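Below: the structure, in C-alpha coordinates.
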Amino acid sequence: MAAWALGQFLEKAAADRAGSGIRVTGSQDAAGSAEVVINAMPGSASLDALAGLAPQLTGKVLVDVANATEFDSAGFASAPLYPGSSLAEEIQRALPDVRVVKSLNTMHDSVMADPAELAIAPSAFVSGNGADAKKVVGSLLAELGWPPEWITDLGDVRTARVPEAFVLMVSGLVRALGPVPFGMTIAR
(Lines give C-alpha, C1' and ligand atoms only; values in the text may rest on other atoms or scores of the structure.)
Protein backbone atom coordinates (compact mmCIF):
# COMPACT_ATOMS: atom_id res chain seq x y z
CA MET A 1 0.00 0.00 0.00
CA ALA A 2 1.17 3.54 -0.65
CA ALA A 3 2.67 5.69 2.07
CA TRP A 4 0.25 7.92 3.96
CA ALA A 5 0.96 11.52 4.86
CA LEU A 6 0.04 12.13 8.46
CA GLY A 7 -0.72 15.38 10.22
CA GLN A 8 1.89 16.33 12.80
CA PHE A 9 -0.32 15.51 15.78
CA LEU A 10 -0.73 11.98 14.42
CA GLU A 11 2.99 11.43 13.93
CA LYS A 12 3.58 10.91 17.66
CA ALA A 13 0.72 8.42 17.90
CA ALA A 14 2.15 6.55 14.92
CA ALA A 15 5.62 6.62 16.45
CA ASP A 16 4.19 5.06 19.61
CA ARG A 17 3.10 2.14 17.44
CA ALA A 18 6.34 1.91 15.49
CA GLY A 19 6.87 -1.69 16.57
CA SER A 20 3.70 -2.72 14.73
CA GLY A 21 5.40 -2.86 11.32
CA ILE A 22 4.00 0.50 10.26
CA ARG A 23 6.63 2.73 8.68
CA VAL A 24 6.66 6.04 10.53
CA THR A 25 7.84 9.15 8.72
CA GLY A 26 7.22 12.87 8.65
CA SER A 27 4.66 14.59 6.44
CA GLN A 28 7.20 15.72 3.83
CA ASP A 29 8.71 12.27 3.37
CA ALA A 30 5.31 10.58 3.33
CA ALA A 31 3.83 13.03 0.82
CA GLY A 32 6.93 12.77 -1.36
CA SER A 33 6.82 8.98 -1.54
CA ALA A 34 3.04 8.48 -1.71
CA GLU A 35 1.17 7.97 -4.95
CA VAL A 36 -2.00 9.29 -3.33
CA VAL A 37 -2.16 11.66 -0.36
CA ILE A 38 -5.22 11.83 1.88
CA ASN A 39 -6.05 15.17 3.50
CA ALA A 40 -7.85 14.26 6.72
CA MET A 41 -6.55 17.23 8.70
CA PRO A 42 -8.94 19.73 10.25
CA GLY A 43 -10.26 21.86 7.41
CA SER A 44 -9.15 25.07 9.10
CA ALA A 45 -5.53 23.87 9.12
CA SER A 46 -5.46 22.16 5.73
CA LEU A 47 -4.44 25.04 3.45
CA ASP A 48 -1.44 26.10 5.51
CA ALA A 49 -0.26 22.55 6.11
CA LEU A 50 -0.65 21.51 2.48
CA ALA A 51 1.02 24.69 1.20
CA GLY A 52 4.10 23.61 3.16
CA LEU A 53 4.06 20.34 1.21
CA ALA A 54 3.60 21.91 -2.24
CA PRO A 55 6.87 20.57 -3.73
CA GLN A 56 6.10 17.04 -2.52
CA LEU A 57 2.48 17.19 -3.72
CA THR A 58 3.14 18.43 -7.25
CA GLY A 59 1.52 16.06 -9.73
CA LYS A 60 0.03 13.87 -6.99
CA VAL A 61 -3.60 12.97 -6.43
CA LEU A 62 -4.81 14.51 -3.19
CA VAL A 63 -8.03 13.06 -1.79
CA ASP A 64 -9.64 15.73 0.37
CA VAL A 65 -11.90 14.16 3.01
CA ALA A 66 -11.83 17.21 5.30
CA ASN A 67 -14.58 19.76 5.84
CA ALA A 68 -13.65 23.39 6.54
CA THR A 69 -16.10 24.92 8.98
CA GLU A 70 -16.48 27.23 11.90
CA PHE A 71 -17.49 25.47 15.12
CA ASP A 72 -20.11 26.16 17.77
CA SER A 73 -19.49 25.99 21.53
CA ALA A 74 -20.28 22.25 21.52
CA GLY A 75 -17.60 21.60 18.90
CA PHE A 76 -19.96 20.95 16.00
CA ALA A 77 -19.73 22.53 12.56
CA SER A 78 -21.83 25.69 12.47
CA ALA A 79 -20.93 27.50 9.22
CA PRO A 80 -18.72 26.94 6.18
CA LEU A 81 -15.25 28.43 6.46
CA TYR A 82 -15.27 29.30 2.74
CA PRO A 83 -18.78 30.58 1.84
CA GLY A 84 -19.31 30.43 -1.90
CA SER A 85 -16.45 27.96 -2.24
CA SER A 86 -15.20 24.74 -0.65
CA LEU A 87 -12.02 23.51 0.95
CA ALA A 88 -11.34 21.38 -2.13
CA GLU A 89 -11.63 24.45 -4.38
CA GLU A 90 -9.36 26.48 -2.12
CA ILE A 91 -6.75 23.70 -2.09
CA GLN A 92 -6.94 23.45 -5.89
CA ARG A 93 -6.57 27.24 -6.22
CA ALA A 94 -3.60 27.33 -3.82
CA LEU A 95 -1.93 24.23 -5.31
CA PRO A 96 -2.77 24.22 -9.04
CA ASP A 97 -0.24 21.45 -9.78
CA VAL A 98 -1.98 19.04 -7.39
CA ARG A 99 -4.84 16.85 -8.63
CA VAL A 100 -7.46 17.49 -5.93
CA VAL A 101 -10.44 15.16 -5.59
CA LYS A 102 -13.07 15.62 -2.89
CA SER A 103 -14.60 12.41 -1.55
CA LEU A 104 -15.62 10.47 1.58
CA ASN A 105 -16.56 13.60 3.54
CA THR A 106 -20.28 12.84 3.94
CA MET A 107 -19.97 9.92 6.33
CA HIS A 108 -18.68 8.74 9.67
CA ASP A 109 -15.00 7.87 9.46
CA SER A 110 -15.63 4.15 10.07
CA VAL A 111 -17.84 4.02 6.96
CA MET A 112 -15.03 5.38 4.77
CA ALA A 113 -13.12 2.11 5.05
CA ASP A 114 -16.10 -0.20 5.59
CA PRO A 115 -19.12 1.01 3.63
CA ALA A 116 -20.92 -2.31 4.12
CA GLU A 117 -21.23 -1.64 7.86
CA LEU A 118 -24.41 0.36 7.21
CA ALA A 119 -27.78 -1.34 6.66
CA ILE A 120 -28.37 0.77 3.54
CA ALA A 121 -25.70 1.34 0.90
CA PRO A 122 -24.10 4.77 1.38
CA SER A 123 -23.00 6.99 -1.49
CA ALA A 124 -19.45 8.19 -2.03
CA PHE A 125 -19.39 11.44 -3.98
CA VAL A 126 -16.41 12.42 -6.11
CA SER A 127 -15.63 16.00 -7.22
CA GLY A 128 -12.50 16.99 -9.11
CA ASN A 129 -11.18 18.54 -12.30
CA GLY A 130 -9.28 15.58 -13.75
CA ALA A 131 -10.90 12.38 -15.01
CA ASP A 132 -7.61 10.53 -14.48
CA ALA A 133 -7.40 11.66 -10.84
CA LYS A 134 -11.01 10.65 -10.23
CA LYS A 135 -10.25 7.25 -11.77
CA VAL A 136 -7.38 6.81 -9.27
CA VAL A 137 -9.75 7.72 -6.43
CA GLY A 138 -12.36 5.30 -7.80
CA SER A 139 -9.75 2.51 -7.68
CA LEU A 140 -8.86 3.45 -4.10
CA LEU A 141 -12.55 3.41 -3.15
CA ALA A 142 -12.90 -0.04 -4.73
CA GLU A 143 -9.99 -1.28 -2.59
CA LEU A 144 -11.87 0.02 0.45
CA GLY A 145 -14.98 -1.94 -0.50
CA TRP A 146 -16.97 0.64 -2.46
CA PRO A 147 -18.81 -0.95 -5.43
CA PRO A 148 -18.92 1.35 -8.50
CA GLU A 149 -22.70 1.75 -8.23
CA TRP A 150 -22.28 3.37 -4.79
CA ILE A 151 -19.93 6.04 -6.22
CA THR A 152 -21.35 9.18 -7.85
CA ASP A 153 -19.14 11.54 -9.86
CA LEU A 154 -20.63 14.99 -9.28
CA GLY A 155 -18.35 16.78 -11.75
CA ASP A 156 -15.57 19.32 -11.38
CA VAL A 157 -14.11 20.55 -8.09
CA ARG A 158 -16.78 23.27 -7.77
CA THR A 159 -19.32 20.53 -7.05
CA ALA A 160 -17.55 19.82 -3.74
CA ARG A 161 -19.47 22.73 -2.18
CA VAL A 162 -22.65 20.77 -1.57
CA PRO A 163 -21.15 17.59 -0.06
CA GLU A 164 -18.95 19.79 2.14
CA ALA A 165 -22.07 21.53 3.45
CA PHE A 166 -23.44 18.14 4.60
CA VAL A 167 -21.24 18.38 7.70
CA LEU A 168 -23.58 21.11 8.97
CA MET A 169 -26.20 18.36 9.53
CA VAL A 170 -23.93 16.26 11.74
CA SER A 171 -24.79 18.00 15.02
CA GLY A 172 -28.49 17.33 14.42
CA LEU A 173 -27.78 13.72 13.48
CA VAL A 174 -25.71 13.15 16.61
CA ARG A 175 -28.38 14.74 18.80
CA ALA A 176 -31.09 12.60 17.18
CA LEU A 177 -29.23 9.30 16.80
CA GLY A 178 -26.22 9.49 19.08
CA PRO A 179 -22.65 8.97 17.88
CA VAL A 180 -23.42 6.14 15.45
CA PRO A 181 -21.92 5.40 12.03
CA PHE A 182 -23.82 7.22 9.28
CA GLY A 183 -23.55 8.13 5.64
CA MET A 184 -25.50 10.01 3.01
CA THR A 185 -27.12 8.00 0.25
CA ILE A 186 -28.93 8.65 -2.99
CA ALA A 187 -32.09 6.55 -3.31
CA ARG A 188 -32.45 5.26 -6.86
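The values are calculated or read from the model by the stated rules, or taken from the named source; none is laboratory data. Computed from a predicted structure; not experimentally measured. Glycine also receives a Cβ, built like all others from the backbone with ideal geometry; neighbour counts cover every protein chain displayed.
Mind counting the residues in the range 127-151 that are without any contact (Cβ under 8 Å) to a residue 12 or more places away in the chain and small (G, A, S)? Result for the range 127-151: 3.
Close contacts from the range 98-119, counting a first residue that is within 18 Å of V180 (Cβ to Cβ) and a second that is polar (S, T, N, Q) and surrounded by fewer than 23 Cβ atoms within 10 Å (Cβ to Cβ), with Cβ to Cβ under 9 Å and a gap of 6+ residues or different chains, come to T106/S123; M107/S123; E117/S110; L118/T185. Restricting attention to the range 125-133, does a residue exist that is within 26 Å of L177 (Cα to Cα) and either at pLDDT 95 or above or out of contact with any strand residue (DSSP E or B) (no Cβ under 9 Å at 6 or more places or on another chain) (or both)? Yes, that holds for at least one residue.
A66 versus (1) at pLDDT 95 or above; (2) out of contact with any helix residue (DSSP H, G or I) (no Cβ under 8 Å at 6 or more places or on another chain): which is the lone unmet condition? The failed condition is (2).
Scanning the range 154-188 for residues that are of a type in the set (A, V, I, L, M) and not in a helix (DSSP H, G or I), we see that the one that is surrounded by the most Cβ atoms within 10 Å (Cβ to Cβ) is L154.
Residue count for the range 140-152 under the criterion of being in a helix (DSSP H, G or I), within 16 Å of the chain's Cα centre (by Cα) and surrounded by 15 or more Cβ atoms within 10 Å (Cβ to Cβ): the result is 2. Just to be sure, is G59 at pLDDT below 95, outside any helix (DSSP H, G or I) and either among the acidic types (D, E) or out of contact with any Phe, Trp or Tyr (no Cβ under 7 Å at 6 or more places or on another chain) (or both)? Here the answer is no, as G59 does not meet what is asked. Within the range 37-56, the set of residues being out of contact with any helix residue (DSSP H, G or I) (no Cβ under 6 Å at 6 or more places or on another chain) and outside any helix (DSSP H, G or I) comprises I38, A40, P42, G52.
Of R158, R175, all but one fail to be in contact (Cβ under 8 Å) with a residue 60 or more places away in the chain and not small (G, A, S); the exception is R158.
A quick yes/no check of all residues on (1) touching a strand residue (DSSP E or B) at 6+ places or on another chain (Cβ under 7 Å); (2) over 18 Å from V167 (Cβ atoms); (3) of a type in the set (A, V, I, L, M, F, W, C); (4) buried (at least 20 other Cβ atoms within 10 Å of the Cβ):
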site: S27; (1), (2), (3), (4): no, yes, no, yes
site: A31; (1), (2), (3), (4): yes, yes, yes, yes
site: A49; (1), (2), (3), (4): no, yes, yes, no
site: E70; (1), (2), (3), (4): yes, no, no, no
site: A79; (1), (2), (3), (4): yes, no, yes, no
site: P83; (1), (2), (3), (4): no, no, no, no
site: P96; (1), (2), (3), (4): no, yes, no, no
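If I filter the range 103-115 for residues that are surrounded by fewer than 16 Cβ atoms within 10 Å (Cβ to Cβ), of a type in the set (D, E) and touching a helix residue (DSSP H, G or I) at 6+ places or on another chain (Cβ under 9 Å), do I get at least one hit? No, the range 103-115 contains no residue that is surrounded by fewer than 16 Cβ atoms within 10 Å (Cβ to Cβ), of a type in the set (D, E) and touching a helix residue (DSSP H, G or I) at 6+ places or on another chain (Cβ under 9 Å).
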